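Below is one structure; the comments refer to it alone.
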Amino acid sequence: MLPGLSKAARTDGSYNYTLKTIAASGALLFALLVIYFLHDTQTTASSQIRYPVSESLDTTAPALKETSQIIADLIRQADKQFEILASSESQSLADAAKVYRSRRGRHPPPGFDTWYRFAKESNSLVIESFFDTIYDNLEPHWGVLPQKIRDFASTWPTVVKVRNGEVSRPSGKTNNASLSVYYYSDILNNLPSLPDVTLAINGDDEPRVIVPFDQMIKFMEEAEKSRSEHNAVPLSEIKNTFASQPDLLSVPDELPKTQDYVTGDQGHWNAIVSACRPDDPMHTEPGSTTLQAIPPKHSKHYTKGSTQGYISNYTMARNVCWNPNLRSLHGYFIHPWSGISYTELRPIFTAANIVGVSNDIIIPPPAHWMKDGIYKEAEEKIPWKEKKSATGWWGSATGGNHTADNWWGFHRHRWVQLLNGTTHSMLEKQLEQSPYSSTQELYEIGLDKSNWGKYNFPYPLRELFPDLGGFGKLGLWIGHVANGGFTNMFCSMLEYYESTVGKGPKTCKHTDDYYGLVDTVKADYIMRHKYLPDVDGHGASGRFVGFVRSLSVPIKSTIFTEWHDSRLIPWRHFVPMSPEYQEWYGLLQYFLGYKDEKINIPDHDDMGEKIGRQGSEWTTRAERREDLLVYVHRLILEYARVCADERITMGWVDDLLDKT
Ligand SMILES: *[C@@H]1O[C@H](CO)[C@@H](O)[C@H](O)[C@H]1NC(C)=O
Ligand SMILES: *[C@@H]1O[C@H](CO)[C@@H](O)[C@H](O)[C@H]1NC(C)=O
Ligand SMILES: *[C@@H]1O[C@H](CO)[C@@H](O)[C@H](O)[C@H]1NC(C)=O
Ligand SMILES: *[C@@H]1O[C@H](CO)[C@@H](O)[C@H](O)[C@H]1NC(C)=O
């Protein structure tokens, strides 16, 4: 490995081929290259080293850190972050109100005392930052007239309402049939007394609201003004009550086709681009606005928000505005599944947002509430020592609407190839037999179109993964440690539904040459593996919480954010992975180790066991059904307040009036 080479490979957007660069770079470089090749011949099993010198060389770059060092540091930081989090529990109602005011800049909502008692009775941790998502999502709505927020629900087909403490649904063909409305009604029915409120529920998984950044700024400015007004109201005039709302008897059958209705892949992408901040890389990185990488390959840099590819800032690493290359690497960005959004700020309750992009109001997904969710109750926790030192993933080809001319960029399609040892071996053979000195060359000039499907993932760059990258034995190794594949090709909506009731095919013409269907397996079987990847489907994950609970190590890759994000800490309760999956091999190498006649990389089984145990323990404190209820209760109180005409003078201030 040559440190200098590696750094350059990821920072330089341009792409110069080897010899030119070498000639121009003088004797020092030449010496380094000699060492590089010598090093390679000594440490790899493959007889012929084809791995390239990097695209351009920067000998001033700092040395690369060892993978094990990076991950150890990330784990240590996560442990520290967790200690701070766990020690910030509020010990009394007055304490909770105080923390609320300092974090939110407003008085707590009416009914805060009831909420606090409910949390305590549920034995739920009162840690204010657990509720950050609520405030991130609702804050811009303080910049919208309350009447306008309230009126929206009457235009939406899936709605649940509370009137005089009774939970019910307005009549409507779609509403009557909606399963999510049924589940949310059930959740609300388990909460203590609720104000009148009407929730427009997104019946779909993909988020619906993508507001341009310049408009969000205006809402936030208005919200800031309302906060100052609120804080200027004398305490004696702050009212701890909610007003009643007129009833809503029926809702339409279909989504509103308003002017801001966005559909189609290009329409979506344009909306996404305008939702990013003006100074985000989205607006400056070349190629970020087109679907041009065919076959998709890793960007020539590490994911932003990572340390040499290992995620150090989970928010940034999931954010497409920072990583615009995801345009061609994730199904949602290539061609969303239902693909309907609105660019005006609308109060729609959805289980997941696109990080940095969408503006729905997040509510926990039904899958986290359903008692019988398939991954939910890990029947019996399997002790770490009885689990296989291996990884496995089973699922459908969801996560966007793939078609014959776009599927190879889809993340799940790439993901399943990353589990397939046969494909890796075939690519390694291609490399060995080709005249090309690098996989990049092979991809760009050496592969004809008929092979794109087969090799829709980049063979790992040695620059990214010094130990295993480019060494010629990945296929064997992956075949040995990775298990699983697609259980249903999810070819089209109709075929999918027919296949789930046993009538239609699970296959798909445009991908059948590259994927073999595997049998579905039980959650118990999956949880017999120590490392459990979770990659995106259409939205919120139904399996992640079960994985965290299972004593195995979830390896989580997503562009979505969910209600529990501020309570589950990456590297403490699970291992984060970029949506590019570029560090996949490195993670496996770190946890599982690798050994053959020439290479000996130690495993970190103890670290895996530790993360698995910590995640499992924490779910019993912070991720129970009771905790979900406490979250939704807080959300409803806040939403009811922002919907009220008198919202500026509403709040809970009994502690300041000395009434507690
Ligand atoms: C919805 O269900 C209610 C009763 O639960 C019924 O009165 C109403 O007619 C139904 N509406 C539609 C459009 O089917
Ligand atoms: C992570 O990145 C975001 C930008 O996406 C930034 O605002 C935040 O401060 C970063 N967090 C840390 C801990 O560096
Ligand atoms: C998927 O895309 C195809 C082609 O653009 C389109 O005909 C089909 O309706 C889409 N399916 C869904 C569920 O949107
Ligand atoms: C793995 O790849 C080989 C070669 O492309 C293919 O025949 C096989 O069906 C793949 N297996 C799975 C589970 O997708």
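The values are calculated or read from the model by the stated rules, or taken from the named source; none is laboratory data. Please read these numbers as outputs of a predicted model, since none were measured by experiment. Virtual Cβ from ideal backbone geometry, glycine too; neighbours counted across all protein chains shown. All accessible areas refer to the heavy atoms of the entire protein, side chains included, with ligands and DNA or RNA removed. Shrake-Rupley method; radii C 1.70, N 1.55, O 1.52, S 1.80 Å.
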Give all pairs with beta carbons closer than 8 Å in which a residue from region 497-525 that is free of Cβ contacts under 8 Å to residues at least 60 places away in the same chain meets a residue that is of a type in the set (A, V, I, L, M, F, W, C) and open to solvent by 50 Å² or more (accessible area, probe 1.4 Å); count only pairs at least 6 apart in sequence or on separate chains.
GLY504/LEU494; LYS506/LEU517; THR507/LEU517
Selection from region 311-326 of residues in a helix (DSSP H, G or I) and surrounded by fewer than 24 Cβ atoms within 10 Å (Cβ to Cβ) yields TYR314, THR315, MET316
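How many of the residues making up region 488-515 are assigned to a loop (DSSP other than H, G, I, E, B) and either buried (at least 18 other Cβ atoms within 10 Å of the Cβ) or out of contact with any helix residue (DSSP H, G or I) (no Cβ under 8 Å at 6 or more places or on another chain) (or both)? Give the steps one after another, and end with the answer.
Step one: list which residues in region 488-515 are assigned to a loop (DSSP other than H, G, I, E, B), which gives 489-492, 501-515.
Those still in the list that are either buried (at least 18 other Cβ atoms within 10 Å of the Cβ) or out of contact with any helix residue (DSSP H, G or I) (no Cβ under 8 Å at 6 or more places or on another chain) (or both) too: 489-492, 501-503, 506-509, 511-515.
Final tally of qualifying residues: 16.
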Just checking, which of THR422, THR439 is touching a helix residue (DSSP H, G or I) at 6+ places or on another chain (Cβ under 9 Å), of a type in the set (Val, Ile, Thr) and modelled with pLDDT under 75?
THR439
Which numbered condition in (1) touching a helix residue (DSSP H, G or I) at 6+ places or on another chain (Cβ under 9 Å); (2) within 16 Å of ligand 1 (Cβ to nearest atom); (3) not in a loop (DSSP other than H, G, I, E, B) is the only one that ALA223 fails?
(2)
The condition from (1) within 16 Å of ligand 1 (Cβ to nearest atom); (2) touching a helix residue (DSSP H, G or I) at 6+ places or on another chain (Cβ under 6 Å); (3) in a helix (DSSP H, G or I) that GLY203 misses is numbered (3)
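Any residue in region 522-529 that is over 19 Å from GLY392 (Cβ atoms) and either in a loop (DSSP other than H, G, I, E, B) or among the hydrophobic types (A, V, I, L, M, F, W, C) (or both)? Spell out the reasoning first.
The first filter runs over region 522-529 and keeps only residues over 19 Å from GLY392 (Cβ atoms), leaving none.
For region 522-529, residues over 19 Å from GLY392 (Cβ atoms) and either in a loop (DSSP other than H, G, I, E, B) or among the hydrophobic types (A, V, I, L, M, F, W, C) (or both): absent.
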Matching residues in region 78-102 - criterion: being assigned to a helix (DSSP H, G or I), surrounded by 14 or more Cβ atoms within 10 Å (Cβ to Cβ) and either at pLDDT below 95 or of a type in the set (S, T, N, Q) (or both)
GLN81
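The rows are residues; the columns are (1) assigned to a loop (DSSP other than H, G, I, E, B); (2) polar (S, T, N, Q).
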site	(1), (2)
ILE611	no, no
GLY615	no, no
THR620	no, yes
LEU629	no, no
VAL632	no, no
ILE636	no, no
ALA644	yes, no
Among all residue pairs at least 6 apart or on different chains, which show Cβ distances below 9 Å where the first residue, located in region 413-429, is touching a residue at least 12 places away in the same chain (Cβ under 8 Å) and acidic (Asp, Glu) and the second is open to solvent by less than 10 Å² (accessible area, probe 1.4 Å) and assigned to a helix (DSSP H, G or I)?
GLU428/LEU474; GLU428/GLY475
Pick from region 270-296 the residues that are modelled with pLDDT under 95 and crowded, with 22+ Cβ neighbours inside 10 Å: which of them is nearest to ligand 2 (Cβ to nearest atom)?
MET282
Does any residue in region 328-343 that is of a type in the set (Phe, Trp, Tyr) come within less than 6 Å, Cβ to Cβ, of a residue that is within 16 Å of ligand 2 (Cβ to nearest atom) six or more places away or on a different chain, and which pairs are these?
PHE333/LEU326
Tabulated pairs, region 561-574, first open to solvent by less than 10 Å² (accessible area, probe 1.4 Å), second part of a strand (DSSP E or B) and not aromatic (Phe, Trp, Tyr), C-beta under 6 angstrom, 6+ apart or interchain:
TRP563/ILE362; PHE574/PRO554; PHE574/LYS556
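Just to be sure before I move on: is LYS257 among the basic types (Lys, Arg) and either touching a Pro at 6+ places or on another chain (Cβ under 8 Å) or in contact (Cβ under 8 Å) with a residue 12 or more places away in the chain (or both) in the structure I sent? Quick ask: steps written out before the conclusion?
Working: among the basic types (Lys, Arg): yes; either touching a Pro at 6+ places or on another chain (Cβ under 8 Å) or in contact (Cβ under 8 Å) with a residue 12 or more places away in the chain (or both): no.
No: the conditions fail for LYS257.
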